[in-house]
Amino acid sequence: MSSKTQAPIAPDTGNNSPVLELIDVSMRYAHGPDILHDINLRLAPGDFYFLTGASGAGKSSLLRLIYLAHRASCGQVHLFDQDTALCSRRDMALLRRRIGVVFQGFRLLDHLSVFDNVALPLRATGKKHADYEEDVIELLTWVGLGDHLHAAPQTLSGGEKQRVAIARAVVGKPDLLIADEPTGNVDPQMGRRLMRLFSELNRLGSTVLIASHDLGLVRASGAPSLHLDEGRLRANAATQNGGR
Amino acid sequence: MREHSPITAPKSLLPTRSAQDGPLFFVIAIIVFLACVSALIARTSFNTAKAWRADLNNAMTVQIKTLHNTQKSAQSAAKLIRALPGIAHVQVYSRRQAKALLAPWLGAGNIPNDLPLPIPITITLEKNSPVDKAAIEKVLRKNHITASVDDHRQWARALGKSAWFLQLFSIGALSLLIAAAIAVTGFATQASLAARRDVVDTLHLVGAFDSFIAAEFERKFASLGLRAGLLGAAMAALVLGVTQIVLMRGTDIMLPVFHLDLIGIGIVMIAPPLTAMASALTARRAVARTLRERQ
């Protein structure tokens, strides 16, 4: 797909201020070859997309680019109407606060309790303990971890860790929620429950992008998907139906 | 909603202990100990040299060198010297005292009674006395008394140089120790940062400002620096205090007596907060440098 000749995938649904816009973006690690090639992507507020692709297709790299863990080697990355190449470090931090991320490896801090891991994004933004305590407890209770508030992450099962990671990603009610294989370690029932949580957040206005190789889950959700193939983004048929 | 046990926010988002903390604590404590000892030695050497020089500057020694009636000549000389303005005290040594002075070299009782001995006269000057070596030589010469006058200027100069070198050495050692402390803390912070990369990355990705992440490390290293500084300073005070007591009891050790005066106590008191501050600043700089290298 040539970015020069083709309109961005997931075309604007009417809102003129996209949450995310990638224009002719390529990305590589250090001096290696390009992992992503000429990516054009535009997500409007309220969009809900799946990102599919084979292992090694570049799904996690694309997500890293979007949640500002890595810079593009060329092209433009716009987040919330800001060109990230022109942002100061402080502005980048402020952009990251508007993005909730469920990392594939969870990235839970073993020396902190489940409660403190989930509260981390709020604490990092300077919120007071008393202001977020009830919200965090309520969220953890909702994901079925109300009895594990003081537990250390290393004592949890894979599925429980994943729920903690998801709770941490959504606790700040992000404008953009990115999840890398969020249901990979949970049973189908919990998977459906978590998808309902993502849908609920999307209904409340968050734009959601979920990387998954579980095509059954993608089909069952009815949401459109983007497909990465050898670092190039292709729209699946469902994409043409719009973002919601 | 279900009742939950109370939750308290952790003071630090960093692990309370890590493998590097123990060795770093002791290295900083040892450096602070050595720094305090160096500073106190510099201070003591300065004070001692100052006191010795003041004593030497206010004192002169006259040696009566006549072969006959030496004691009588000494008494005459003393009388002449006492008559000069600005003389606080004049002491004439008796022949017995002069013999006692030579005893360590010649042995007690080995000096024959008919052996002429130079008789020393010690002179203590008043503060800002107009009398100098030349004035005393002049008055003795005028009265035909053969004597040599020593105003200890050579000793005072040598002592001043020695004290200056000792101070310079102590200040140099102190500077090197401070530089070593900063380098060690910086190195340890980098190691700590590498060991806690997961914490830094996660905080970074959830939108924490660099200053917030740096403050976490700053607090941790300030606390470590303060505790290590307290231990090092306490050890220095203890060691120097014991040394002071031993020296004041009168041993044969030729060392200046440590006086833990107000400035000395100030040095010991200020070392821990200074160490904490240096550790915190070094940690902050190391974290800021590491974070700048990230996206």
Every listed condition ((1) within 10 Å of chain B (Cβ to nearest Cβ); (2) hydrophobic (A, V, I, L, M, F, W, C); (3) part of a helix (DSSP H, G or I)) holds for A:ALA69 save (3)
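Tell me, which residue of region A:124-155 that is within 23 Å of the chain's Cα centre (by Cα) and in contact (Cβ under 8 Å) with a residue 40 or more places away in the chain is nearest to the other protein chains (Cβ to nearest Cβ)?
Among residues in region A:124-155 that are within 23 Å of the chain's Cα centre (by Cα) and in contact (Cβ under 8 Å) with a residue 40 or more places away in the chain, the one nearest to the other protein chains (Cβ to nearest Cβ) is A:THR125.
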Exercise. With respect to A:PRO121, determine if the residue is away from every other protein chain (no Cβ under 13 Å) and under 17 Å from the mean Cα position of the chain (by Cα).
Key: no
Residue count, region B:99-129, condition touching a Phe, Trp or Tyr at 6+ places or on another chain (Cβ under 8 Å) and in a loop (DSSP other than H, G, I, E, B), comes to 0
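Kindly evaluate A:LEU79 against the criterion of being in contact with a Cys (Cβ under 9 Å, 6 or more places away or on another chain) and more than 30 Å from B:ARG17 (Cα to Cα).
Working: in contact with a Cys (Cβ under 9 Å, 6 or more places away or on another chain): yes; more than 30 Å from B:ARG17 (Cα to Cα): yes.
In short, yes.
Can you tell me which residue is farthest from the chain's Cα centre (by Cα) among those in region B:194-210 that are of a type in the set (Gly, Ala, Ser) and within 9 Å of another protein chain (Cβ to nearest Cβ)?
Filtering region B:194-210 down to residues of a type in the set (Gly, Ala, Ser) leaves B:194-195, B:207-208.
Of the ones still in play, those that are also within 9 Å of another protein chain (Cβ to nearest Cβ) are B:207-208.
Working: B:GLY207: 50, B:ALA208: 46 Å.
The qualifying residue farthest from the chain's Cα centre (by Cα) is B:GLY207.
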Quiz prompt | Meets criteria (hydrophobic (A, V, I, L, M, F, W, C), within 17 Å of the chain's Cα centre (by Cα) and either farther than 30 Å from A:ARG42 by Cα or surrounded by fewer than 21 Cβ atoms within 10 Å (Cβ to Cβ) (or both)) for A:LEU204 | solution = yes
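Condition (residue is in a helix (DSSP H, G or I), at pLDDT below 80 and away from every other protein chain (no Cβ under 14 Å)) applied to region B:247-270: is it met by at least one residue? Break it down stepwise before answering.
The initial filter retains those residues of region B:247-270 that are in a helix (DSSP H, G or I), namely B:247-248, B:262-270.
Subsequent filtering for residues that are at pLDDT below 80 retains B:247-248.
From what is left, the residues that are away from every other protein chain (no Cβ under 14 Å) are B:247-248.
Yes, some residue in region B:247-270 is in a helix (DSSP H, G or I), at pLDDT below 80 and away from every other protein chain (no Cβ under 14 Å).
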- Filter result for B:ASP114 (within 28 Å of B:ALA78 (Cβ to Cβ), touching a Lys or Arg at 6+ places or on another chain (Cβ under 7 Å) and charged (D, E, K, R)): no
Quiz item: With respect to A:GLN104, is the statement that it is out of contact with any Pro (no Cβ under 6 Å at 6 or more places or on another chain), assigned to a strand (DSSP E or B), within 21 Å of A:LEU209 (Cβ to Cβ) and more than 7 Å from chain B (Cβ to nearest Cβ) true?
Solution: no
Note on region A:76-104: residues farther than 28 Å from A:ASN117 by Cβ, touching a residue at least 60 places away in the same chain (Cβ under 8 Å) and either buried (at least 23 other Cβ atoms within 10 Å of the Cβ) or over 17 Å from the mean Cα position of the chain (by Cα) (or both) are A:ASP81
Out of (1) farther than 30 Å from B:ARG157 by Cβ; (2) in the same structural domain as B:ALA135 (by TED's automatic domain parsing); (3) modelled with pLDDT of 85 or more, the one B:HIS89 does not meet is (1)
Filtering region B:224-251 down to residues that are over 15 Å from the mean Cα position of the chain (by Cα) and of a type outside the set (A, V, I, L, M, F, W, C) yields B:GLY225, B:ARG227, B:GLY229, B:GLY232, B:ARG249, B:GLY250, B:THR251
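The values are calculated or read from the model by the stated rules, or taken from the named source; none is laboratory data. These numbers were taken from a predicted model, which means no experiment stands behind them. Using ideal geometry, Cβ is built from the backbone for each residue, glycine included, and neighbour counts are taken over all protein chains shown.
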